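Contents: one structure, followed by commentary.
The values are calculated or read from the model by the stated rules, or taken from the named source; none is laboratory data. Please read these numbers as outputs of a predicted model, since none were measured by experiment. Positions of Cβ are generated from backbone atoms using ideal geometry, with glycine treated the same way; all protein chains shown enter the neighbour counts. Protein only, heavy atoms only, side chains kept; ligands, DNA and RNA dropped before computing areas. Shrake-Rupley method; radii C 1.70, N 1.55, O 1.52, S 1.80 Å.
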Amino acid sequence: MKTLEELLQELGCEGSAFDSTGEFTKAGEKAYERLEHLLYDIESLTGKKVTPIIEELDRICNENY
């Protein structure tokens with residue numbers, strides 16, 4: 001299983017996605033926005049709601065980083 005940081009790196013984040021305080025780096029924030037857009041595009045294609053996934057990702061960010 002991959003971490004959120006590994007997923008963000010696959011979406012173009014170079015280096016760390018989070019700084020020492022647990023906040024997104026600029027690269028991490030940009031990659032997270034790409035991930036959100038990708039999920040919403042999937043929602044448009046499938047009709048399946050992705051809001052619960054995004055909310056869970058937000059919780060992961062707040063808890064782990």
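Quick notes
- Flag for residue 47 being touching a helix residue (DSSP H, G or I) at 6+ places or on another chain (Cβ under 8 Å) and free of Cβ contacts under 8 Å to residues at least 24 places away in the same chain: no
- Of the residues making up region 50-65, those that are touching a residue at least 40 places away in the same chain (Cβ under 8 Å) and open to solvent by less than 100 Å² (accessible area, probe 1.4 Å) are 57, 60, 61, 65.
- Within region 34-49, considering residues that are under 21 Å from residue 9 (Cβ atoms) and open to solvent by less than 60 Å² (accessible area, probe 1.4 Å), the one farthest from the chain's Cα centre (by Cα): 39
- Region 18-28, residues that are of a type in the set (A, V, I, L, M, F, W, C) and within 14 Å of residue 58 (Cβ to Cβ): 18, 24
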